[in-house]
Structures are given as structure tokens and as C-alpha cells.
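Bear in mind that the values in this text are calculations on the coordinates, not laboratory data. Small disclaimer: the values here were computed from a predicted structure and weren't measured. We place every Cβ from the backbone using ideal geometry, glycine too, and count neighbours over all the protein chains shown.
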């Protein structure tokens, strides 16, 4: 009687089918576990950045970094050079202002981001400096023009600094003014290096319902509408993003909840939100 030396075709197909089913079950779990690890690292990054902001404030009369985005540095100016280009930065970007307290640029990048570009923290220039003075905005796509100001200011980050704070709205660089520090978002997963909690817009500021677009849709530009089926996948961490608050804690917030208090949400990003 001859002995069998291997599997039959049916047995092989059965084994392949079992492996395929198991892979289909386990692979999403593997991806979820890996993403949880990335989320943990992202939270750690924001904790470290929040700590750097706190140390900065200790050395600067209890104030956060001031980083105005006024187009010219003074009201009413044109803000561009004669050829329409962007003059150099004058005030260091927030990443440079707190770098002495971090000394680790790796914490500026979330490991979950799928983006390999952002608006970096320098302004490119295609021409001479305009008569109205330098543009203070952290602006310009990476690769456009040249890294002007100082080369070390050309830093990619996937986190944003609250533009209402950096512009010192209502003296909000000062720690003493915050009434609800545990509810006020200072830093966050963001589509660019700053997020804008004012100005109803479909791209830059708030959605008509008060969502902070650059946080809610941190992985997509231009952002989708709130009713777009793709909106769910436009955030960084499985339908949400991490926000670092003034009191030092970091929390995952679902994108649909990234809404300003003055629009009926639970979070505060602007002086007007603290009056609610």
C-alpha cells in the first residue's frame, strides 16, 4: 500500500482559505494596535510641547510665544513685495521660540500623519522686500522660493499653535487671563503649523457650524464638507485628533466635537469662547 507523500489539492485550498480568513480577522486588529502605539507617541509629543510652552512662559513673564500673522507688521499695509512675492520672516516661528526647551525636532511630527508636506514656518520670496515692511506670517509652501529669514526656521511640523493665542487676541498670550484652562486648546494635530479659531470659511478658519477646520480635517486640504462621506477619514487618529490644553493635559477629540463653545460646542479656542 502506497503512503501519501503530501496534501491533496482540496486540503491545500482549505488551508489557504483558513489562512485568508484569519488574516482578514487579524490584520485590522494589527493595524489598530499599531495606530494605538502611534497615538501614544503623538500624545507624548504634545505633552512635551505643552511642557516646553510652560517652561517658555516661566522665562517670559508668564506669557506664551507671540507670533503675529499680521500681513505687514503694521495695520493697513499691503503685505507683499512689488512682484507679489512674500518677504522674509522677522519674528521666529513658535517652533524656534520653544526649541531651547525641547531640543528635539522629532516631537514636532506626529507618527500617524500621512502628509509629507505642510505650510512650513517661513515665507518664500520671489522678489525684493516691499516698501510696507516684512510680512510676519508663517506662510509659503515648502519648496516655493527659498528659505529666507534664517534657515533653521524652516521646520516641518504636523502640530498647530492656536492663532488667537499667537496673535495675542485680548492679551491671550498671558496665562493669567484664562478662565477655563482645562477647556482651552493651545496646540493640536493640525493641517498646518497654526490653526485658526475665527472667521467662518470653507477652507481656512471655522466651518459654518463652528468646527476648527485645520484640526478637524488635519489630514486633508482643502477640507471636506461636514456632510462629505470622506470627512470621517480626513482626521489623523481614527476619526479624531489630539488637542493639548492650556492646563497641560492632552486629549483625543472626535472631529465632530472640534467645535467652538460660542457655536454650541464644548471646547474653547478663542477669547469669545471663554465668555460663554
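Numbers below:
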| read-out | value |
| --- | --- |
| Globularity ratio of segment 188-276, using Cα Rg and 2.2 N^0.38 Å | 0.98 |
| Residue 247-residue 23 FRET efficiency (beta carbon distance; Förster radius 45 Å; 0.05 resolution) | 0.55 |
| Residues 36, 261, 251, sorted so that the one with the fewest Cβ neighbours within 10 Å comes first | 36, 251, 261 |
| Separation of the residue 15 and residue 168 label points, Cα + 7 Å toward Cβ, nm | 7.3 nm |
| Distance in nm between pseudo-label sites at residue 34 and residue 8 (7 Å out along the Cβ direction from Cα) | 3.8 nm |
| Likely footprinting exposure, 272, 232, fewest C-beta neighbours within 10 Å first | 232, 272 |
| Model label zone, residue 200; criterion: amide N under 18 Å from point 7 Å along Cα-to-beta-carbon; scope segment 225-240 | 225-227 |
